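Some notes on the structure that comes next.
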Amino acid sequence: MRDLVQDKARMWGHLSALAGGGKVATHFAPDAVAEIAHPYGTSTGPALARFYADLHRALPDAEWRPEIFIAGHNHPDTRTDAPRFSPLVGSFGHWQGTFTEPLQGIAPTGGVVHLRICEVHHLNDAGQIARAWILPDFLDLMDQAGQFPLPPMRGARGMWPGPKGGGGVRMGAVDEAGGNAAMAAVLDMHNALNTHVGADVSGLTMAHWDPNFMYYAAAGIGICRGVDGFRRHHQIPFRKAVPDRHSKGHFVRIADGQFALTGGRLYATQTGPYLGMPATGRQVWMDVMDFYHFDARSDARSDGAGLITENWLPFDIPLMAHKMGVELLGARAIPGAIGAG
């Protein structure tokens, strides 16, 4: 059985060093594979090194500032027959530094920025990173730099905070009992959402959510509060745009105490306008993760998990737009943009 405390300590060292300019070859295995947000995609060897080189050139004095850092054994998902990597370490945080050189067509500001990065890693027996999934929010960086290419977000702009009350960085022993309860609640909630078809969500119960939960969605969607904000700013517009969305399985399902993390790829046909981009009828896909924070004090549920009080949603919107024939990175505006209204 792998020592999850040791895995977390090793991964902490890797991520801290990589943000500080550490060599990719030191921290990643020679045969490592990383799935990175658009435009990088599946990256190995030189492509993986280029990703980190691009970040360091743009943010030469960057430091990694984690907000959630958990590890766990990867819960099964019968929807996929892809190789299952376990255990995994997941994190959400920022690379904070001075934006001095262009990054993916985004002009530098010369001032401090916080590049939001959400990631999942699997270590090999030698302690090197063997598999990685990395979602930096380049659209949020464009917004910070005054170069946002989409109509105004329905939700609020701004830097994602860490969990209410702290406690998201969990370096000690994994709370597997609490994590199992949290993951069971997440999967039950997912089942309810996925089996409800259509944009009319009036009959969809939100039994696992605190009435005033915070929903921190990727730039383009923005920050929402409560069931009404979640539905108006994200759920209903998304369902209208891609009504047949579906997943072929999660690559990550880990939980530790009151924190849970899932992630995978959604597939859909874009039949409606989305974020100012007109309907195309194209088949698209998008990579997402969900970080959940439960508060047992918020409910007396028999499963012991409590209610979801916070949800962070990294979402590779530039990849989805690319599949729709639109390149957002470095763009000034979307032709024929439809207002957020």
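Quick note: the coordinates plus some simple rules give every number you see, no bench work behind them. This structure is a prediction, so every number in the text was calculated from the model and none was measured. Every residue, glycine as well, gets a Cβ built from its backbone with ideal geometry; the counts of neighbours run over all protein chains shown.
Listing Ile70, Ile36, Ile236 from the residue with the fewest other Cβ atoms within 10 Å to the one with the most, what is the order? Mind showing how you got there, number by number?
Working: Ile70 26, Ile36 21, Ile236 16.
Arranged by neighbour count, lowest to highest, Ile70, Ile36, Ile236 become Ile236, Ile36, Ile70.
Of interest is the spacing of the C-alpha centroids, which for the stretch 47-83 and the stretch 1-45 amounts to 7 Å. Given H placed on each backbone N at 1.01 Å, which residues far from Gly249 in sequence or on other chains put an amide H within less than 5 Å of it? Amide H neighbours of Gly249, under 5 Å, 5+ apart: Arg265. Between Gly276 and Ile338, the built amide H atoms are under 5 Å apart, and every one of these is 5 or more places off in sequence or on another chain. Working note: Karplus 6.51/-1.76/1.60 with θ = phi - 60° gives the stretch 134-146 the couplings 9, 10, x, 9, 5, 5, 5, 5, 4, 5, 4, 8, x Hz, where Gly and Pro are set to x.
Of the DSSP H helices in the chain, those with a Cα length along their own long axis of 24 Å or more and a mean Kyte-Doolittle hydropathy reaching -0.5 comprise 176-194. For the pair Ser16 and Ala192, label points projected 7 Å from Cα toward Cβ lie 4.1 nm apart.
Please figure out what share of the DSSP beta bridges in the chain is antiparallel and state it in percent, rounded to the nearest 5. Antiparallel bridges make up about 85 percent of those DSSP assigns within the chain.
Once the C-beta distance of Val112 and Arg225 is scaled by a Förster radius of 35 Å, the resulting FRET efficiency is 0.85 to the nearest 0.05.
If I take every Cα pair under 8 Å that is 6 or more residues apart in the chain, average their sequence separation and divide by the length, what percent do I get for the relative contact order? Write down the numbers at each step before the final one.
Details: 759 pairs, mean separation 59.9, N = 341.
Rounded, it is 18 percent for the chain.
What you get for the chain, charging only the Cβ of Lys and Arg (+1) and of Asp and Glu (-1), is a dipole of about 600 debye around the Cα centre.
Find how much the distance from Thr42 to Lys23 grows on full extension, using 0.36 nm per residue of separation minus their present alpha carbon separation; answer in nm with one decimal. Provide the component values of the computation, followed by the final result.
On the way: separation 19, 0.36 × 19 = 6.84 nm, distance 1.92 nm.
In short, 4.9 nm is gained.
Report the one residue of Val252, Met214, Met286 whose Cα lies farthest in the direction of the positive end of the charge dipole of the stretch 176-323 (charges on C-beta: Lys and Arg +1, Asp and Glu -1; origin at the Cα centre). Among Val252, Met214, Met286, the one farthest towards the positive end of the dipole of the stretch 176-323 is Met286.
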